[in-house]
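Novice: Before I ask anything, let me first share the structure, which is written out below as structure tokens.
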Amino acid sequence: MQNILFFGDSITAGYGLANPTTESFPALIQQKIQLEHLPYKVTNGGLSGDTSSGGLSRLDHWLRQPADVFVLELGLNDIIRGLPNSSTHHNLEKILQKVSLKYPSCQLVILGVEVPLFSSAEKIEEFRKIFRALATAHGAVFVPSLLEGVVGVKHHILKDGLHPSDKGHQVIAETVWAVLKPLLAPQLHKL
């Protein structure tokens, strides 16, 4: 059995869901894996309210178990709190470096997030570019917009306007599964 670690903030954690252990997008990915009979176990390392620096500080705990696939979803709370994009980039870079150093064969997946207008258009555009740049630098699989089809869709977002509903998590799971499945299925031939 191989391990997939989803590492993120409230979106990964399933904030606001009635049952995050079954309704969050990582849980839905685990259900898809089981339906496909793939030898992977999902671990949800999401923490509501987490920033990139918080993620960096708690990463070692999560890397105690081997990671064959590492899915990174962090940074939105940084821009909401007005933290500099340079520190977000630095922290996410360090996270990816630590994962690759500890598990060199680990496949990296970076989930980019679209940002509501919390800041200037220039800062937001700079923020969006962080994820693509990191994916390119680390040879990671890249999902440009994790929340595509969720933000602005009434039943896909909670009343706070930020967090996905259970239906939103279903949309996210489909988006992520589209890039994860091709990474996981070839592994069957190596077993």
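The values are calculated or read from the model by the stated rules, or taken from the named source; none is laboratory data. Quantities reported herein were computed from a predicted structural model and do not represent experimental measurements. So basically every Cβ, Gly included, is an ideal-geometry build from the backbone, and we count neighbours across all protein chains shown.
Novice: Among (1) at pLDDT 95 or above; (2) crowded, with 16+ Cβ neighbours inside 10 Å, where does Arg58 come up short?
Specialist: (2)
Novice: Please work out if Ile95 is more than 24 Å from Leu17 (Cα to Cα), at pLDDT 95 or above and in contact with a helix residue (DSSP H, G or I) (Cβ under 6 Å, 6 or more places away or on another chain).
Specialist: yes
Novice: Tally time: how many residues in the range 73-96 are within 17 Å of Ala13 (Cβ to Cβ), assigned to a helix (DSSP H, G or I) and either over 15 Å from the mean Cα position of the chain (by Cα) or in contact (Cβ under 8 Å) with a residue 60 or more places away in the chain (or both)?
Specialist: Summing the residues that are within 17 Å of Ala13 (Cβ to Cβ), assigned to a helix (DSSP H, G or I) and either over 15 Å from the mean Cα position of the chain (by Cα) or in contact (Cβ under 8 Å) with a residue 60 or more places away in the chain (or both) in the range 73-96 gives 4.
Novice: I've got another one for you. If Gln187 meets every condition in (1) among the polar types (S, T, N, Q); (2) at pLDDT below 95; (3) more than 20 Å from Gly46 (Cβ to Cβ); (4) not in a helix (DSSP H, G or I) apart from one, which number is that one?
Specialist: (4)
Novice: Kindly list, by first and then second residue, each pair from a residue in the range 164-183 that is of a type in the set (Ser, Thr, Tyr) to a residue that is assigned to a helix (DSSP H, G or I), limited to pairs with Cβ atoms under 8 Å and residues at least 6 apart or on different chains.
Specialist: Cβ pairs passing all conditions: Ser165/His155; Ser165/His156.
Novice: If you don't mind, another one. Could you please find all residues in the range 81-96 being of a type in the set (A, V, I, L, M, F, W, C) and out of contact with any Ser or Thr (no Cβ under 9 Å at 6 or more places or on another chain)?
Specialist: Leu96
Novice: Scan the range 31-51 for residues that are part of a helix (DSSP H, G or I), in contact (Cβ under 8 Å) with a residue 40 or more places away in the chain and over 22 Å from Leu17 (Cα atoms) and jot them down.
Specialist: Glu36
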